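Computed from the coordinates by the stated procedures, all read-outs in this text should not be read as laboratory data. Please read all numbers here as calculations on a predicted model, not as lab measurements. Glycine gets a Cβ as well: all are built from the backbone with ideal geometry, and neighbour counts include every protein chain shown.
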Amino acid sequence: MAGKILLFVLIVLASAFRVEAQPDFELRNIILRYDGTHELGTFAVVVCNHAIIPARDFEINLEANDTTITIVGERLNQGCMHFFDAESSFDVFGLQDGQTVTVTATLQDQTLQQDIVVDTLSHQGERSNPDMYEACMQSGSHADCYHLMFDTPTPDEIKVQSGSYFVITPIDHERLAAFYLFDLLQCSQNISEYFAVDAPPVIMRRLIISDGYSGSYAAVDDITTLNTDAGFRSMGANLPNWWNQINNGGCGDPHETTHIFVSETVLPGWLNEGLATFMEDTSRTNHHSPIPVRCLFDENKFATEYAGEVTFTNLMNDQFDPTVPSIYYYFSAACFWVYLEDQYGQETIQQIVQRLIENRDVVFQGCPADESERPDVYFIRDIVNPVLETDITPILTQMYGITSDLYTGCER
């Protein structure tokens, strides 16, 4: 009986001193948001909840140019999301082009301030052509048309922006926008630090609903991500885990972001993919899902082992065997960079990438009509060899079948 009484007393005391679980808020950033209704743009506040318990019915006060509005957040699960006032736009704050304004966000006992230059804000950028986009869409090209609206959301899209980095998503998948924006920022920072170069001044990512294809590809300064509607919804369900990686300095997509760093250089296509694959590594970019690249440097030349199969050894001229899965080429080319890092160190990778960027404007001359430009030869002879202070061609002959006989004079 005494034991039951003691148990009852302990339960009562535990109930009296129990602290109800609360959301763990963080004001992360103030970004810009555009859509078809808010062509002038509006401010959005990125809020993170680090607790498992959802946050409900919270208010954010946002002040700019002596004008204050209240942004209401209805629900925030673990992770981060941007919140904005659907009734306000920049004209509510009396902002003019060229004006620098201090924007202040307050949530409970937290305050965040950022200075934003208004003339960097634009719903429709200089690289968009709505008329050509409409004509393209009517022709049935669809996904191929979006480059004509490079920095402008269509009526069915929204755009979020931080500095000169921005993400455009379908309205129905807006919850993905802030994650992809911060992934661009974080990946660019991590890659910039590894290569010891400045981050690209502009990067855009656009999410496009496709009929079945799922994947991403990069161009000069933009990344396109295609997925089905169901696929994007599935991605949204994994956002808490993804945000946890970002919040710990992780990088979700170093592959495509690396392509932007070395775009329009003389890096051959297969070595470009190899470099991007090489950067999918925790030690280099804090990538949360590294791909193991096992390079077989001895008996199997410079091939790589993947899924138990040994790949090709000759990559010259981008003459790829269509029966070989493309991922093998990515991995085998990644082994080139692994070799350089193992033999010469990270600083050598940095110097090669720096030299690539410094020599972007290469003009190929002396090419006969029947002979294509040879960026691979130029890359090896005039980019890699000067950094290594030795001719790496003999090694490349063993690795990929590249020989000095290919120096034809049609390289620059």
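Okay, here's what the table says:
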| quantity | calculated |
| --- | --- |
| At 1.567 mPa s and 4 °C, Stokes D of region 162-232 from Kirkwood alpha-carbon radius, µm² per second | 101 |
| Cα-based shape type of region 189-228, given that a ≥ b ≥ c are square roots of the gyration tensor eigenvalues and the cut on a/c is 1.5 | prolate |
| Relative contact order for region 130-259, counting Cα pairs under 8 Å that sit 6 or more residues apart, in percent | 21 |
| Karplus-derived 3J(HN,Hα), 6.51/-1.76/1.60, for each residue of region 235-243, Hz, glycine and proline x | 4, x, 5, 9, 4, x, 5, 5, 5 |
| Most positive-pole-ward Cα, Thr169, Ser210, Leu239, against dipole of region 130-259 from beta carbon charges | Leu239 |
| Amide hydrogen neighbours beyond the local backbone of Phe83, cut-off 5 Å, H modeled | Val45, Val46, Val47 |
| Packing rank of 207-214, 238-245, 257-264, where each peptide gets the mean count of other beta carbons within 10 Å, highest leading | 257-264, 238-245, 207-214 |
| Ranking of Tyr400, Tyr344, Tyr146 by count of other Cβ atoms within 10 Å, fewest first | Tyr344, Tyr146, Tyr400 |
| Low-density loop positions, GluC sites (Glu not before Pro), region 125-229 - DSSP coil, at most 14 other Cβ in 10 Å | Glu126 |
| For peptides 90-102, 278-290, sequence by mean Cβ density within 10 Å, most packed first | 278-290, 90-102 |
| Computed P(r) (all Cα pairs; region 25-119; 5 Å bins; percent) | 3, 13, 26, 25, 17, 10, 5, 1, 0 |
| Kirkwood Rh in Å, taken over region 130-259 so that all alpha-carbon pairs contribute | 15.2 |
| Within region 28-114: Cβ-based charge dipole about Cα centre, in debye rounded to nearest 20 (Lys, Arg +1; Asp, Glu -1) | 420 |
| Positive-end residue, region 25-119 charge dipole about Cα centroid, Cβ charges, pick of Asn65, Ala55, Phe90 | Ala55 |
